[in-house]
Each structure stands twice: as C-alpha cells, then as structure tokens.
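K.L.:
For reference, the structure I am asking about is given below.
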Amino acid sequence: MRFAAGQAVRVSARSHPGHHRTPGYVKGKRGIVERAHVGEFTNPETRAYDDDGTPELRLYLVRFDQTELWPGYAGAEEDYLLTDVFEHWLEEDA
Amino acid sequence: MSHGDDHDHSHEPITADAEAPVAARVQALADLLVEKGVVSREDIRRGIDWLVSRSPSDGARLVARAWVDDAFKERLLEDARSAALELDLDPGPAPVVVALENTADVHHLVVCTLCSCYPRALLGPPPDWYKSLPYRSRAVSDPRGVLREFGVELGEDTELRVVDSTADMRYLVVPRRPDGTEHLDEDGLAQLVTRDSMIGVAQPGAA
Amino acid sequence: MERAVHDRGGSPTDAPIDRTEHDLADWELTMDALVGALGETGLMNVDELRRGIESMPREEYETATYYERWLFAAEKILGEKGILAPGELDLRVAT
C-alpha cells in the first residue's frame, strides 16, 4: 500500500483515451487520503476489454477542497468532496 | 411509485409496451439470448424479482437502529456491509458499503458523476433525477445550489461533503435523528427515514 | 482536454434538476435483469457495460434514456463477442 490516511496526494493529469474511472474534474488536483480501502479491486481499465481485471489494485477515498476544484465555488470554505481513486492515478504531493 | 409499497408485479408472460420501439427491441434481445442459451427466462425473472423487491425500508432500518444503538452505529460506520448482514438485510453485490454520518456540523451528499452507482439493494432503484445529467454535473460543483433546489438550506458553518461514487464502494447517508423523536420506537423512527435523506438531498421527516 | 461523454462532474449546465419520477417499465426491468444475467454468466461485466455506454456518440448519449444506453452497450459488447451477429437483432425486431 503506497499511501496512508492523511497523506497529501495529487491525481495524475494524464489523458487516458479508454475506459477509466477517474473523473476529469479531479485530474491534476491535490487531495488528502481519507482512507485506504481494505482489500484490492479489479481494474476497470482492463476488465472493460474482455479481461479479468487482474492484478487487482488498491483504492483510496481521497478528499479535495471544493474551493480548489471549482473557481468561484459557491459554498463554505470548509466544504469538500471525496471520491475513490485507484492507486495508479495517484502521486505523492510534495 | 410509492417507495416501500409491495406491488404485485405478476408478469406471466413478460409483456412489452406495444407503443415503444425500444420495448420491443429489448424483448427481442431477451428472446434471442434465451433461444441461444446465453441466459434463461428464469435468470431474467429472478433479476426482476430481486429488483422490485428492493426499497428504501431496508436502508431505513439500518439508520433507525443506528439512532437507538450507539454500538451498532459505530459498527455501521466502520463497515456498513457487515452491519446490514447483522440485521439480515441484503447489502447487495458491492464489496464495500460505506455509511456516512450526518452530524450537527457535517452534511453528506452522494452522487455518481460517471454513471449511476447507487446502493440499490438498500434503497431500491435510484430515482431518475439521481441518474440525470444536471444532477451528475452540479452535485459536485454546486452542491449547495442543488440542495437549495431540493429545499435544503445548510448553514455556512455546516460542512458539506459530497461523495462521488466512482468505484466498487456504495455510499449511504445516515441522516441526523430529528428533534422531538424521543418517544418513538425503532419502527416509528424508521418511518421517518426517507430515501432522499439517505442520498443526502433531504432531511428525514418530522415526527 | 475534452471530456468523454459520460464524464459529467462539473460540466456546464443551466438545466434544472427534473424531479419527476417514473416506475420502471417492464422493458426496463427486463433490460436491467438481462444485464445482470449476462454478468452472472461472465459474458458482459459492468465495466464492459460502462465502456459500451461511453462509446455512444455524444448527442445520442445525451438524449437517450437510461436503459436505452444499457441496450446500446449490450448490443455493442455482444456484437464484439460474436454473440449477436450484425443485423441479427434488427431482423428479429422486423419479423
């Protein structure tokens, strides 16, 4: 497991033309790991193409400040967003 | 649909709405696949029976129990899938179910921006608006605006946490127990827990 | 970077959220159960379903109803795997 709860991470901004589950609006954004999900999970990026989706991967619930995700965000400063991101989409954030 | 009601969906045989081309096409697809031995009528029947058996009352039971039993609540927040099994509820096929607790200071809202991921086993099929493009777009970028549309105004000092369900986890909101409900038993409390309060677009009903 | 058709988070929209609900029609229940059955037999998993949906042309994706997208995806994936021959479903519907 590469990342721990509380760790600062950044979502890769790479383009991925095929099926993947990283929403565009978090790509390139900085977040904090909220939790590392227990277990390992099949890879949708391969399983979507007649493959069994192994080797399985780690998934992390990552939180993002809404004010960092959306210019002009209309809400409270402390509002945040959480989403599940696969390990291979995350990098350590300096 | 009155969610939680038991409708008798007897369909022997399954009939398509003659007016909708897509209905005929789906029926034809089902017929073809059954003929090819790819799936069976029984498989289809079983799937339909399961889906129509699902309603928010299962989710409501989880919430009501959590409201009256602190130890259960902690187990629910730790692992909602196991907590559901504890109450003999079907948590569904998702390997992980996460319960998100609303408090005086924190409110959660759930969305699936990429498709329609939703804890169907515990809440029944999702409403159309949950699967709609405007909800999928604005629940993440303008969640307070969305809540306002649903009649919920959060204070500036309430933290709003939006969860975008993108993977195999399914998320369920545990709304706050309403004031003035001390006299209610667990069944009475469960009546207050609406589907929308477990998505996060509404507060639970008043006693 | 242009977003894929299904990647809707934060996409610009002025549309209000239509809160009208409808009971699932028989054909929608059938479509749902069919996909479930295909999943159980291993012929089409949920990732393939999604990939199929995501391959819809944008205009079609945005105007189709929810289960119309499932139908599109099922036809595409089953066609890819040779379970449905080209035109086979069209022929069945016509007869």
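K.L.:
Return the residue satisfying two criteria in turn: it lies in segment A:13-34 and is among the charged types (D, E, K, R) and within 9 Å of another protein chain (Cβ to nearest Cβ), and of such residues it is nearest to C:ARG8 (Cα to Cα). Spell out how you get there, then give the answer.
P.N.:
We begin by selecting, within segment A:13-34, every residue among the charged types (D, E, K, R); these are A:14, A:21, A:27, A:29-30, A:34.
If we keep only those that are within 9 Å of another protein chain (Cβ to nearest Cβ) too, we end up with A:21, A:27.
On the way: A:ARG21: 12, A:LYS27: 14 Å.
Among those that are among the charged types (D, E, K, R) and within 9 Å of another protein chain (Cβ to nearest Cβ), it is A:ARG21.
K.L.:
Still on this structure: Here is a check on your reading of the model: is A:THR83 assigned to a strand (DSSP E or B) and either more than 7 Å from every other protein chain (Cβ to nearest Cβ) or not acidic (Asp, Glu) (or both)?
P.N.:
Judged against the criteria, A:THR83 is a match.
K.L.:
Go through B:SER132, B:SER137 for me and flag whichever is within 14 Å of chain A (Cβ to nearest Cβ) and among the hydroxyl-bearing types (Ser, Thr, Tyr). Don't jump to the end; show me each part of the working.
P.N.:
Values: B:SER132 fails: within 14 Å of chain A (Cβ to nearest Cβ).
Just a single option satisfies the conditions, and that option is B:SER137.
Rundown of residues vs (1) touching a helix residue (DSSP H, G or I) at 6+ places or on another chain (Cβ under 6 Å); (2) modelled with pLDDT of 95 or more; (3) surrounded by 20 or more Cβ atoms within 10 Å (Cβ to Cβ); (4) within 27 Å of C:THR63 (Cβ to Cβ), yes/no style:
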site	(1), (2), (3), (4)
B:LEU85	no, yes, no, no
B:ASP88	no, yes, no, no
B:PRO93	no, yes, no, no
B:LEU100	no, yes, yes, no
B:THR103	no, yes, no, no
B:CYS117	no, yes, yes, yes
B:LEU122	yes, yes, yes, no
B:ASP128	no, yes, no, yes
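K.L.:
A further question follows. I'd like the full set of residues that are part of a loop (DSSP other than H, G, I, E, B) and either crowded, with 23+ Cβ neighbours inside 10 Å or modelled with pLDDT of 95 or more (or both), limited to segment B:192-207.
P.N.:
Residues of segment B:192-207 that are part of a loop (DSSP other than H, G, I, E, B), as a first pass: B:193-194, B:200-207.
The answer is B:VAL193, B:THR194, B:GLY200, B:VAL201, B:ALA202, B:GLN203, B:PRO204.
Table: residues versus (1) among the β-branched types (Val, Ile, Thr); (2) more than 7 Å from chain B (Cβ to nearest Cβ); (3) within 11 Å of the chain's Cα centre (by Cα).
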| site | (1), (2), (3) |
| --- | --- |
| C:SER11 | no, no, no |
| C:ASP18 | no, no, no |
| C:TRP27 | no, no, no |
| C:MET31 | no, no, yes |
| C:LEU38 | no, no, no |
| C:GLU59 | no, yes, no |
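K.L.:
Still on this structure, please answer the following. Across segment B:133-161, which residue is surrounded by the fewest Cβ atoms within 10 Å (Cβ to Cβ) among those that are under 21 Å from the mean Cα position of the chain (by Cα) and among the hydroxyl-bearing types (Ser, Thr, Tyr)?
P.N.:
B:SER137
K.L.:
For segment B:49-89, how many residues are away from chain C (no Cβ under 14 Å) and free of Cβ contacts under 8 Å to residues at least 40 places away in the same chain?
P.N.:
Filtering segment B:49-89 down to residues away from chain C (no Cβ under 14 Å) leaves B:57-89.
Cutting the leftovers down to free of Cβ contacts under 8 Å to residues at least 40 places away in the same chain gives us B:69-72, B:74-75, B:78-79, B:81-89.
The qualifying residues number 17.
K.L.:
Taking the conditions exactly as written (within 24 Å of B:ARG170 (Cβ to Cβ) and at the interface with chain B (Cβ under 9 Å from one of its Cβ atoms)), does A:GLY39 satisfy them or not? So that I can check it myself, show each step before the final result.
P.N.:
Numbers: within 24 Å of B:ARG170 (Cβ to Cβ): yes; at the interface with chain B (Cβ under 9 Å from one of its Cβ atoms): yes.
Here the answer is yes, as A:GLY39 does meet what is asked.
K.L.:
Out of B:LEU160, B:LEU122, B:LEU154, B:LEU147, report the one residue that is in a strand (DSSP E or B) and more than 7 Å from chain C (Cβ to nearest Cβ).
P.N.:
Details: B:LEU122 fails: in a strand (DSSP E or B); B:LEU154 fails: in a strand (DSSP E or B); B:LEU147 fails: in a strand (DSSP E or B).
The conditions single out B:LEU160.
K.L.:
For B:VAL52, indicate whether it is within 16 Å of B:ARG120 (Cα to Cα), part of a helix (DSSP H, G or I) and modelled with pLDDT of 95 or more. Step through it out loud before you land on a result.
P.N.:
Values: within 16 Å of B:ARG120 (Cα to Cα): yes; part of a helix (DSSP H, G or I): yes; modelled with pLDDT of 95 or more: yes.
Yes: the conditions hold for B:VAL52.
K.L.:
In addition: Does segment C:18-27 include one or more residues that are outside any helix (DSSP H, G or I) and more than 25 Å from B:ALA24 (Cα to Cα)? If you could, list the steps in order and put the result at the bottom.
P.N.:
Initially, segment C:18-27 is screened for residues outside any helix (DSSP H, G or I), giving C:18-25.
Next, from what is left, pick out any that are more than 25 Å from B:ALA24 (Cα to Cα): C:18-19.
Yes: one or more hits.
K.L.:
Another one. Testing B:CYS115 on (1) out of contact with any strand residue (DSSP E or B) (no Cβ under 7 Å at 6 or more places or on another chain); (2) within 14 Å of chain C (Cβ to nearest Cβ); (3) in contact (Cβ under 8 Å) with a residue 60 or more places away in the chain, one condition comes back false. Which one is that?
P.N.:
If we test B:CYS115 against (1) out of contact with any strand residue (DSSP E or B) (no Cβ under 7 Å at 6 or more places or on another chain); (2) within 14 Å of chain C (Cβ to nearest Cβ); (3) in contact (Cβ under 8 Å) with a residue 60 or more places away in the chain, just (3) comes out false.
K.L.:
Count, please, the residues in segment A:40-61 that happen to be without any contact (Cβ under 8 Å) to a residue 24 or more places away in the chain, out of contact with any Asp or Glu (no Cβ under 6 Å at 6 or more places or on another chain) and not in a loop (DSSP other than H, G, I, E, B).
P.N.:
Count: 1.
K.L.:
If the requirement is being part of a helix (DSSP H, G or I) and either more than 7 Å from every other protein chain (Cβ to nearest Cβ) or without any contact (Cβ under 8 Å) to a residue 40 or more places away in the chain (or both), which of these qualifies: C:LEU78, C:LEU84, C:LEU71?
P.N.:
Details: C:LEU84 fails: part of a helix (DSSP H, G or I); C:LEU71 fails: either more than 7 Å from every other protein chain (Cβ to nearest Cβ) or without any contact (Cβ under 8 Å) to a residue 40 or more places away in the chain (or both).
Answer to the selection: C:LEU78.
K.L.:
So A:PHE3 fits all but one of (1) free of Cβ contacts under 8 Å to residues at least 12 places away in the same chain; (2) in a loop (DSSP other than H, G, I, E, B); what number is the exception?
P.N.:
That leaves (1) as the condition not met.
K.L.:
Could you tell me how many of the residues in segment C:41-68 are loosely packed, with under 15 Cβ neighbours inside 10 Å and in a helix (DSSP H, G or I)?
P.N.:
The total comes to 6.
The values are calculated or read from the model by the stated rules, or taken from the named source; none is laboratory data. Just so we're clear, the structure is a prediction, and the values are computed from it rather than from any experiment. For neighbour counting, all protein chains shown are included, and Cβ atoms are generated from backbone atoms with ideal geometry for every residue, glycine included.
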